Amino acid sequence: MLFLICLVVIIVMHEAAHLIAAKICGCGVARYSIGFGKPIIFSKKIGSTIYQVTPWLFGGFCELQGELKPTG
């Protein structure tokens with residue numbers, strides 16, 4: 001159990017570093033997520049960023065605005 005708690009804390013810190021770096025560089029962050037999947041546990045929009053926690057906590061992501069969208 002302690003291992004899982006530590007893993008989630010590390011994921012939160014890692015993704016927060018991506019969020020902070022993006023904000024410092026002036027990139028918009030569309031979504032900050034701890035876990036993958038639909039935001040069943042928690043979801044809140046603050047400014048232009050959606051902060052969410054999902055049931056699958058073994059990972060996370062920080063989606064930048066306009067990221068991976070086709071151009072042309």
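The values are calculated or read from the model by the stated rules, or taken from the named source; none is laboratory data. Remember, predicted model here, so these are calculated numbers, not experimental data. We place every Cβ from the backbone using ideal geometry, glycine too, and count neighbours over all the protein chains shown. Just the protein is used for accessible areas: all its heavy atoms, side chains included, with ligands, DNA and RNA removed. Shrake-Rupley method; radii C 1.70, N 1.55, O 1.52, S 1.80 Å.
Remarks
- For the chain, adding -39500 (n - 2.57) for each run of n ≥ 4 DSSP H residues and dividing by the number of residues yields -11000 deg cm²/dmol at 222 nm.
- Between the amide H of ALA30 and those of GLU63, LEU64, GLN65, distances stay under 5 Å, these residues lying 5 or more places away or on another chain, with hydrogens modeled in the peptide plane.
- Rounded to the nearest 10 degrees, the inclination of helix 2-24 to the longest alpha-carbon principal axis of the chain is 20 degrees.
- Rg/Rh (Cα only; Kirkwood hydrodynamic radius) as it applies to the chain: 1.01
- Antiparallel DSSP beta bridges within the chain, as percent of all bridges there, nearest 5: 75 percent
- Accessible surface area normalised per residue over the chain is 73 Å², counting heavy atoms of protein chains with a 1.4 Å rolling probe.
- Amide H contacts under 5 Å for THR49, placed H, 5+ residues apart: none
- Estimated FRET transfer efficiency when R0 is 22 angstrom, pair SER48-LEU7 (beta carbons, to 0.05): 0.15
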